[in-house]
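Structure, as C-alpha cells:
The values are calculated or read from the model by the stated rules, or taken from the named source; none is laboratory data. Remember, it's a predicted structure, so these values are computed and weren't measured experimentally. Positions of Cβ are generated from backbone atoms using ideal geometry, with glycine treated the same way; all protein chains shown enter the neighbour counts.
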Amino acid sequence: MSDHLTFLNSSWFWPVLICWLILILVFVWKEWKTSGRKHLILKIFLSLLAVTSLALLALKPAVPKEIKEGRVIIITEHYNQNQLDSLKKEYRKSKVLDYRKEKALSGLTDSKEIFVLGSGVNVYDLWQLENTPVTYFPGEEVTGLIKLNYKQDPQVGKRLHVRGRFSNPKPGNRLVLEDAAGTALDSVVFDAEDHINFELSTDLKVSGNYVFSLSEKDSIGKVLNQNPLPLKVKEAKTLRILILNAYPTFEIKYLKNFLAELGHEVIVKNRITTGRFKFEFFNTERQNIGRLNSSNLDDFDLLILDSESTKALSRSEQNAVQKSMRASGLGILMLGEANALTNLGDFSVFEFQRVSATEVVLDDLDGVTVGRQPFQIKNDFGVEDIHRSNSSIVSGYQRMEQGRLGVTLLENTWELQLEGKQEAYQHIWTDIVEQLSKRNSEMLTCQPEKLFAFKDEPFTFQIRTSLDDPRVLDQNHRLLPLKQDLTLAEVWSGKTFPKESGWQKLRVEQDSTFAFDYFVHNPEDWQTVKAYQNSLENQEFFQKESVIDKDFKKSPIAINPIWFYVLFLLAIGGLWLEPKL
Amino acid sequence: MKQTGKDILAGFQKKWQFLLWLEVVLYATGFSVLSWLLTLSWLVSILGFVMVFAVLLILRQPWKIDLLKVSHYIDSQSNQLEYSSGLLLQSTTELSGLAKLQQQKISKAIKAEIKNIQPRHQLKKALFSSIIMIGIGVLVFYSGVTKNLSFNQNTLPKEEQISFKPTDSLAVKIQPPVLNTQEVTIHYPAYTGLRARTTSNMNIEAVEGSRVNWKLSFEGEVDSVSLESMGKGRLLRKTKQGYTGGTVLESSGFYNFRFTDTKGATYTSDLFAIEVTKDKAPVIVLNDLKQFTAFNYNDKKNISFQTSITDDFGIDNAYIIATVSKGTGESVKFREEQLSFDQSITTGKKQVNLTKSLDLEDIAMEPGDELYFYVEARDLKRPLANVSRSETHFAVIKDTTDYGPGVDAGLGVDLMPDYFRSQRQLIIDTKKLISQRGQLSTEEFNSTSNDLGFDQKSLRLKYGQFMGDEAEGGMGSGGELSDDHDHEEDPLADYSHNHDGDNEHNLVEEEHDHDHDHDDTDEEKDPLAEYLHDHGDPESSTLFTDNLKAKLRQALNIMWDAELHLRLHEPEKSLPFQYEALELIQEIKNSARIYVHRIGFDPPPIKEEARLSGDVEEVSNYSKAEDLERTENFYFIKQSILRLEEFKGSNAEPKKSDRQLFEKAGNELADKAIAEPGRYLQTLQQLKRLKDEPQIDQQLMFEVQKGLLEALPKLTPEPMQKSSFNGKLNEFVLKELQRNE
C-alpha cells in the first residue's frame, strides 16, 4: 500500500476541493465564534477530519494493488469434461463461467488466472481477455465439416467448386451439394478415414442470388444436418473484339462465327488484296477502323492480329496499339507462324523453342488432338500459360503493364468443329479469349473478412475503391463508419451488426449502381466450421498473450469508503461531544 | 313343470346346434371381411360369405343333430350315466321295470351331469381363424396392396380425375358445376389391329394416326366446354350424354379443358399430355452373310442367307432388290431385278424369318459381273407404308481377264505389250473348242487343240525371250516381227510428257513400252537389257527385275503345263493353267503401275513480289454488318427461377408481372417439352397453377424451381469478361515489373 494514490473520481477534484475549503472556513469561523479559544485547535482538527472524510468519500481514493481475484474457468463449446474436472480439483475455489449460456466476459480483468476450455470464445470477444493471464485448452476434436472454401460470387456459366475438409466422417454417410431447389448436384461418400478432403462441383446455369446447401446424409438418405451455401451468381458480360487479318483464313472464319453467335461484338478487317479490305461488323454499329488510334482501340477488349497485318501497321498505329495495351489493358492475341512472330519489334516478346510434334493433346482436354506448330513457348520469367501439354506451353501470355500480349501455337483448331468436337473447340478458344481480354475494371469492390456472416455478430468487410471518401450505407440506409488503411489509401474497412438473417445489402452513397449483397446466417448454421476456426484463432491469440503477461498486474483498487464514514462519524461526534464535557 | 330328462337332452341339442351355426357364421364372416378388405367390393364380399357359409353348413350339418345323437354323445362323455341316456327318450310305458328304474335314476343323474358336458364344437378355432383372416385383411388394406387388386371401376383414382379450377378467384363463391363422367376413347388405326380403348385417364399415349374422342358430362348447367391445345381452342359438341369432341393425333403435345358455366365463370383443368408414338419401320437383320462375297469362275456361285424381319404392327411385304453391273468404266451397264424370297410372306405377321438361296448363274451373271443386293421390307402403315432396307451386300464373280488400265487414264495409253493379250485369246479359243466337242470330228478337235498348243508355245517363247531363254526353233512366224524398226524414234513421243527431261529416269515404262516391237531385232542383244533399268544403280536394277523375273518364270512354267494338256487334246485340263498364267501376267502389269503414279504435277514457281500486285482499280472495299444478338435461350425460365428464389422465405404475393413471367416461362418450357411431353408435364401443370392460382404455397415454388432448373440444358464453355479492381498499388507493381524486365 504505497506509491501512487489515485482518485477514481478525479474529475471532481477541483469542485470538491473548493467545497472542502468553503466548509473548512465555515467550520473554523463557526468554532471561533461559538466557543472561543477553548480547545480550538482540537475542534479545528476534528472538523478538518470530518470535512476531509466527506471529500474523500466523494473522490474515492484508490491505491494500486495486485489482483487477487482468484481463478476463472471459462467453458465453451466442445470442452473436455476431464480437463474441467482436473482443473476444478486443482483449484477448488475457481469460478466456472459457462460461455455458452452467458456471453458476458466483463469483469474478468481482475482475475489471477483464466482457463478457457473448448473451442474458445468468439473472436469478437477476445479483446476482453487482452492483458489477462489466460491458458487455453482446446477441447475435443470437432466432428464434421471443419473447413470450407468456395467462390461466393462466381460467374454464370462457370463451374462452382466447393472444397473443404471433413473430420471424423461416419463411413457410408454422404455429403451432398444441393441447388436452390434442393436437387442434388454432386456428392461425396465417406469411407473409413479420419479426415477427408473433398471437392464438390457443379455448373451454374442461372444468374442471381441463390442459397444452395450442403447436407450431410446417412446411407438411407436421411438428412443429418444441412447448412446454407449462399451464392451470388454474376451476369456474364460480352466482349468487344477486333480482328485484323492479312488474308482470310478458316481459323478466323470459324472463330468469328463462334464469338459472334455468343453475342460478342466482333469487328473483322480482312485484307482481300493490296489496299482493299473486307469489313465485317457483328452485333455492333459500323464504324471507321481504317486507321487504328487510341480512341478507337480503347473501346475494344481484345485485338486479334496475325503477323502480316502487324507488319502492315504504320508506326503510329503500332504505337497506338502498344499504348492501348499498356495503359488501358487491351488484350492482344498474335497469330501466325512462330518464325514470323519473332521479328515484330515490340510485339515479339516470346521466344520459341523448336519441337518435333505437330499435334498436341492439351492437359485439360483429354482425348482431343489438336494441330500445333512444331514450336513451344519458352518458359521465361513473366510468361503465363493458357494451354499446356505436359511441360510445354502452347498458348501463353505476358503481362504488359495493364494489358496482356498472348500467342498460341495451336493450328487448325477449326478442324475440331468439323470433327464434331465443338466442345473442345469452344473450350480452347474460351480459355484464350477470356484470359487475354481486358478486365472490366471496377470502381469499388467489397470483400468480407470471413466467408460467412452471422446474425447478431459483427460482420467486418473491406472496401477497395478509388473514391476519396466512400460512404457506405446498410440495408436501412444508415451510414456505417469506415476506417481507412494507414498505408494503402484505397483500402477501407468497416463493421456492421446484421440483425436479420437472409440476404442483406450494402450500398455506397456515391455510386448508386454498386450494391454488395451478403448472406446473414442463423446462429445455428455452420457450427462445426465456426468452432474449428474459433479454436485456431483462440490458440493463436492466447499464445501471443501469455508471453507478455508473466508478472502480476497492479490496478487501482478503491479504498473501502466505510473507513471514511467511521472517521467522519468520530470527528463529528467529537465536535458534538466537546461542548458537553 | 318338472324338467324331464328328455327336456334336458332337447336343451342340449339346441345348444349344440346353436354352437355349430355360430361356428359356420364366424368362418363366413371372417372370410367375407377379408375379401372385402382385399377387393373393396361388396359383391365379392357377400358372395364369399354365402359360399363359405354354404360349404361349411354342408360339412357341419347342424340340423342333423337329433336327440339320439345327443344321447349317444352324452353317454360317451359321462361315466355316471351308464350309457343309458337313451332310455330318457323312450316313453315310460314302453319300458321294462328295470329300465324304468334306470330311467329314473339317469334322469336324476343327468341333471347334475349335463352341466359338465359340453357339446362337441370348434368354436375357438373358428373365432381364432376369423380373427386371423380379418387381421390379414386389415394389414393388406393398410399396406396399400389392395390398390392393385381393386376390381372396382366405378370410382376414379384421384390422380386421374380432371380437376377444374376457376380462373377467377371470385368464382369460388358460386357452386361450380361438377364433372360427372370423363371418358376418352382411342381408336387405333385399322392396320394396327388394336381394338379401341376407352379410359378415364386423360393422358393419352397412342400411335400416330389414332383417332381420339373425348366425352365429358357435367352435373349442373354448363354453357360451353372447350378443349385447348397448344394455344388453339375448339368447342366440344353438346350431345345427349354430355360434351364430345375428337381429333386425329398427328404429333405430341398438351391439352386442357376449359368450361364456362351459366354465370359466365370459366374453369380450366390441369394440362394433359398427348404422347404420339410413331409406327416404327420394320427392322431387317441378315444372318450368315458376309458383306462382300467373291467367287472364282469355277466355284459354285451360290449365295444363301437367312433374314429375320420384325415390325411393331405387322409386315406387309419383303423382297430382295438385286442390281447386276456388267462391264467397267464407261461401258458399265446396270440391270435391276426384284427377287422374292423362297417362302411366301403372310401379311400382318409381326416377325418373319425368310431364307433365300441365290444362284448367280440364274440371274445370268458372268465373270467380272458384280451383284449388289439388299432386302427391303414394308409394313402395314397407311396411307404411306414405312419402308426400310437392309445394308447392301456385294457378290462378285472374279473376272479372269481383268487387268484394268495400265496407267492413269490421263495418259490415254495402255502401255502393256500387245501380245500379252493373246493369252486371253487362247482362253477364249480353248473354251470355244470345249463347247464344240461333239460337233467336231475327233481329228479336227485334236488338231485344233494341237494348234492352240502351238500358240501357247509361241506365247511362252515370246515371254521366254524376256527371261533370256533361248529362242527355240519353231518360231517360224518370227517374221511377223518387224526387223526394220526405227530405234531412234520413240513411238510414244506423242503421248509421253517429255517436257521435263530430268525426270526421265523415273519414267521407266517409256523405255520398256516402246521396246516390245523390236525386242528381237538384234539377236546378240540381251532382250532384257531394255527392261532393266540399269542406270549404274544395281539396287534399282535388281529390285525390279527380280520381281518381274520370278513372276514371269512362274508364268512360263504354267504355260508349259497349259501347252502340255492342249497337245494331249485335253483342253479342259489346260484351261485352269491358262487362267493362272493370265492372272500372273496381270500381276506383272500391276507392278508397273507404281511407277506410273510417280508422274506428278510440278507447278511453275510463283514470284512472291508479283503477288497482290495486280490492277485493283475495279476492286472496292467490302463491308457487311450482321446482328446475331443472341436471343438468350430460356430467358424467361431463367428469370422465373430467380423470381421464385426471391419469393422463397418471403410471404410476398406474386404480382401480375410475375404471373406473366410464369406464363412465358411455361411457353418456353412447352416448346422444349413437345419432344418429351411426359417429362415436363408436371412442371408445366405447376407453372400453370402458379399463373392462375391466387394463393401459392412454398412447396409448389420449390417444385417448380426444381423442374425449371432441370429443364435447362447442359452448359457449353463460352468466353466472358472477367472483372477486377484495378488499384493504384496494382498499377504501380505492374509498372515496376515491366521496368525491371
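Brief remarks on what is shown
- Inclusion of A:GLY120 among residues that are within 14 Å of chain B (Cβ to nearest Cβ), touching a Pro at 6+ places or on another chain (Cβ under 9 Å) and either assigned to a loop (DSSP other than H, G, I, E, B) or loosely packed, with under 14 Cβ neighbours inside 10 Å (or both) is not warranted.
- The single residue among A:LEU177, A:LEU185, A:LEU224 that is modelled with pLDDT of 85 or more and within 24 Å of the chain's Cα centre (by Cα) turns out to be A:LEU177.
- The residues in the stretch A:294-308 that are under 13 Å from A:VAL407 (Cβ atoms) and either among the polar types (S, T, N, Q) or touching a Pro at 6+ places or on another chain (Cβ under 6 Å) (or both) can be counted, and the count is 1.
- When A:ALA181 is tested against the conditions (1) crowded, with 21+ Cβ neighbours inside 10 Å; (2) outside the structural domain of A:PHE277 (by TED's automatic domain parsing); (3) in contact (Cβ under 8 Å) with a residue 24 or more places away in the chain, the lone failure is (3).
- Qualifying residue in the stretch A:450-463 (condition: surrounded by fewer than 21 Cβ atoms within 10 Å (Cβ to Cβ), within 12 Å of chain B (Cβ to nearest Cβ), touching a strand residue (DSSP E or B) at 6+ places or on another chain (Cβ under 7 Å) and closer than 24 Å to B:GLY727 by Cβ): yes
- Of the numbered criteria (1) small (Gly, Ala, Ser); (2) surrounded by 20 or more Cβ atoms within 10 Å (Cβ to Cβ); (3) within 30 Å of B:LYS728 (Cβ to Cβ), the one A:ALA260 fails is (3).
- Where B:THR716 falls short, out of the listed (1) more than 14 Å from chain A (Cβ to nearest Cβ); (2) touching a helix residue (DSSP H, G or I) at 6+ places or on another chain (Cβ under 6 Å); (3) of a type in the set (Val, Ile, Thr): (1)
- Across the stretch A:310-327, the number of residues qualifying as surrounded by fewer than 23 Cβ atoms within 10 Å (Cβ to Cβ) and either under 15 Å from A:SER348 (Cβ atoms) or not assigned by TED's automatic domain parsing to the domain that holds A:THR284 (or both) comes to 4.
- The residue that is nearest to B:GLN578 (Cα to Cα), among those in the stretch B:437-453 that are of a type in the set (Gly, Ala, Ser) and part of a loop (DSSP other than H, G, I, E, B), is B:GLY438.
- Scanning the stretch A:373-396 for any residue that is touching a residue at least 40 places away in the same chain (Cβ under 8 Å), away from chain B (no Cβ under 14 Å), among the small types (Gly, Ala, Ser) and within 26 Å of B:LYS735 (Cβ to Cβ) turns up at least one such residue.
- Taking the criterion of being within 12 Å of chain B (Cβ to nearest Cβ) and in contact (Cβ under 8 Å) with a residue 60 or more places away in the chain, the residues of the stretch A:397-411 that qualify are A:MET400, A:GLU401, A:GLN402, A:GLY403, A:ARG404, A:LEU405.
- Check on A:TRP429, farther than 30 Å from A:GLU265 by Cα, aromatic (Phe, Trp, Tyr), in contact with a Pro (Cβ under 9 Å, 6 or more places away or on another chain) and within 14 Å of chain B (Cβ to nearest Cβ): no
- Restricted to the stretch A:423-494, the set of strands (runs of 3 or more DSSP E) holding at least 1 residues that are basic (Lys, Arg) comprises A:459-465, A:482-484.
- Residue satisfying condition, being over 22 Å from A:GLN533 (Cα atoms), modelled with pLDDT under 85 and of a type outside the set (A, V, I, L, M), within set A:SER207, A:SER219, A:SER201: A:SER219
- Elements of the type strands (runs of 3 or more DSSP E) sitting completely within the stretch A:176-259 and holding at least 1 residues that are basic (Lys, Arg) and within 11 Å of chain B (Cβ to nearest Cβ): these cover A:240-245.
- Residue in the stretch B:688-697 that is under 16 Å from B:PHE634 (Cβ atoms) and either touching a residue at least 12 places away in the same chain (Cβ under 8 Å) or within 12 Å of chain A (Cβ to nearest Cβ) (or both) present: no
- Looking across the stretch A:412-426, the residues that are at the interface with chain B (Cβ under 10 Å from one of its Cβ atoms) and in contact (Cβ under 8 Å) with a residue 40 or more places away in the chain come down to A:ALA424, A:TYR425, A:GLN426.
- Residue match in the stretch A:86-106 (condition: in a loop (DSSP other than H, G, I, E, B) and closer than 30 Å to A:LEU177 by Cβ): no
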